[in-house]
Amino acid sequence: MQPRMKVLENTFLYTFSSLLVRAINFIMLPIYTLFLSPADYGVINLVNVFITIGSYIIAFSLYSAIIRFYTDYRDDPNKLKRFYGTIICFVFISGVVFVSIGVIFKNIIINLFFSGIDFYPIIAIALASLFFICLHSVHQSILQGIQAGKKLTIINLVVFFFQVILMLVFLAILKLGLLGALLVTLLINCVYFFFMIFDLYRSNLICFCLDLKMLKDALKYSIPILPHNLSTYIASFASRIFMNNSGSLTTVGLFSVADQISNTIDVIQNSVNRAFTPWFFDKVNKNDENSKHDIVIFSQFLLLIYSLMYVVIGLFSQEVIIIMTSSSYISSWKVIPILVIAYSIKSIYYFYVNILFYYKSAANKIFIATLTGSFLDIILAYLLVPRYGMYGAAFSFLAAKVAVTGIVVSMSSRWNTVGYRLSKMLGTIASSMLFMGLGLILSFFLFPGSFSWINFLYKISLLLMYLVFVYLTNRKLIIEIMGGRSVFQILKLLAQRQR
């Protein structure tokens, strides 16, 4: 298989498997909105963001080190086993300490972060889930680092299946509501922990130990990245706290639905980037012109795929909300286009930040960009959310993404020998935003709260026009990625094989 087609296959596998785990909230959205009030959904979202923040703190962002250090240890199986064992033991100990502190200082946690929510059982279950989710993430990072795409996909298919089944049982049959949704998360990740141990032993990838030198090297790499990984989620958490304190959990719930739809973009971009990063590191290691060309071409192709996603989600978010949620959630769609713009800007960040991650001397400076963006997000949210509600939160998020991306692009210029062109990336994004904006005219001015076939067909026509525009303006790039074949030639070949 040609190298570019191989990386396309691996990227698809990693993206698909990661999406299965993260897509549960999106796929279950109709069930959530049917059996949970906007306030209950707001609680779930607050808890989920809290768990995400806690998972990085407990693991000290070692997920990044697991992927990066695989390239250093892969030729020495014994060192690799000791490295993985060290990381797992450390995260286990750190998790026990963190959860214990959370229980001891439960009143402070409630007052600061979860006003109006009971610690028992809601927050207690969240803390227990957090412990197992950290170890779950470690195993996923190991599989991503060794590029076991097919295995990861199969595992996540099984996890996805059981999550859906249990969620339906706990919400639709047992009628446990908010408590049921939280219990499913705890149960799934608890079982996954035991599977992780079994799988690593069977694959001969673990030796339980605490190698202090390996741990020190890994932490030296990962701790400077910790503020970078935390800052965005802390800002998101802060916005929801402001909405809860100045409005209600209902406002949090509405914004959470909008974010759930638009965040599909970032889930896909982040999943693709997890698969893209090891390949990117290998290509940069080779340090030749062909490798640099491959990086630029493949990155531009990914951005084209992303742009199609921006247009689809931005155009049809209103219809998705109307179809998938109850009437009390419909107004949330108006925030989604703002969030789509923010996530489209963030796509540029993903490409340039890989340059900083590759160079260890640069990786410990990434936090400057993310902390700056997060502080801006929190300050703007503090000023805008009390007055403009979820719209204030959306604009704060957009401003933060622009700031972070701008700083990362500027910082990476010192190490950017790959050949990325910012102007070309911005042009791709700008054209997608133009088509999205044109497609939403009828939604905003004529059909803001109802489904219309006229509006729907108008959006379909804009989408088709954009597809034609993308192909005509990027035909050479697409043909090169496809190994010299045009789209029509590939379709013809597939048809011949079917015969």
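Criterion applied to Leu422, Leu356, Leu380 was being surrounded by 15 or more Cβ atoms within 10 Å (Cβ to Cβ), touching a Gly at 6+ places or on another chain (Cβ under 8 Å) and either closer than 29 Å to Asn285 by Cβ or free of Cβ contacts under 8 Å to residues at least 24 places away in the same chain (or both), and the one residue passing it is Leu380.
Note on region 39-144: enclosed helices (runs of 4 or more DSSP H) holding 1 or more residues that are more than 22 Å from Asp259 (Cβ to Cβ) and among the acidic types (Asp, Glu) are 62-73.
For region 70-97, a residue qualifies if it is over 15 Å from Cys207 (Cβ atoms) and buried (at least 19 other Cβ atoms within 10 Å of the Cβ), and the qualifying residues are Tyr70, Val91, Gly95. Restricting the first member to region 459-474 and to residues that are in contact (Cβ under 8 Å) with a residue 60 or more places away in the chain and closer than 11 Å to Leu308 by Cα, and the second to residues that are of a type outside the set (A, V, I, L, M, F, W, C) and crowded, with 18+ Cβ neighbours inside 10 Å, the beta-carbon pairs closer than 8 Å and six or more apart or on different chains are Leu463/Gly439; Tyr466/Ser432; Val470/Ser307. Cβ-Cβ distances below 9 Å connect the following pairs, each with a first residue in region 33-50 that is at negative phi, a second residue that is among the basic types (Lys, Arg), and a separation of six or more residues or different chains: Phe35/Lys175; Gly42/Arg240; Asn45/Arg240; Leu46/Arg240; Val49/Arg240. Taking region 451-499 only, how many residues are closer than 24 Å to Ser432 by Cβ, at pLDDT 50 or above and assigned to a helix (DSSP H, G or I)? The number of residues fulfilling the criteria is 27. Those helices (runs of 4 or more DSSP H) of region 358-420 in which 3 or more residues are among the hydrophobic types (A, V, I, L, M, F, W, C), more than 19 Å from Ile336 (Cα to Cα) and touching a helix residue (DSSP H, G or I) at 6+ places or on another chain (Cβ under 9 Å) occupy 366-388, 390-412. Only one entry in Gln300, Gln260 is over 15 Å from the mean Cα position of the chain (by Cα) and assigned to a helix (DSSP H, G or I), namely Gln300. Just a yes or no: is a residue in region 333-351 within 18 Å of the chain's Cα centre (by Cα), over 25 Å from Ala238 (Cα atoms) and surrounded by 22 or more Cβ atoms within 10 Å (Cβ to Cβ)? Looking through region 333-351, at least one residue is within 18 Å of the chain's Cα centre (by Cα), over 25 Å from Ala238 (Cα atoms) and surrounded by 22 or more Cβ atoms within 10 Å (Cβ to Cβ).
Is it fair to say Ile234 is surrounded by fewer than 23 Cβ atoms within 10 Å (Cβ to Cβ), under 30 Å from Phe451 (Cα atoms) and modelled with pLDDT of 85 or more? When the stated conditions are applied, Ile234 does not pass them. The conditions of being farther than 30 Å from Val138 by Cα and either among the aliphatic types (A, V, I, L, M) or modelled with pLDDT of 90 or more (or both) are not met by Ile378. Taking Ser129 as meeting all but one of (1) at pLDDT below 95; (2) under 25 Å from the mean Cα position of the chain (by Cα); (3) farther than 29 Å from Leu212 by Cβ, write down the number of the exception. (1) is the only condition that Ser129 fails.
The values are calculated or read from the model by the stated rules, or taken from the named source; none is laboratory data. Not measured: the values here are computed from a predicted model. Methodologically, a virtual Cβ is constructed for each residue, glycine included, from the backbone with ideal geometry; neighbour enumeration extends over all protein chains shown.
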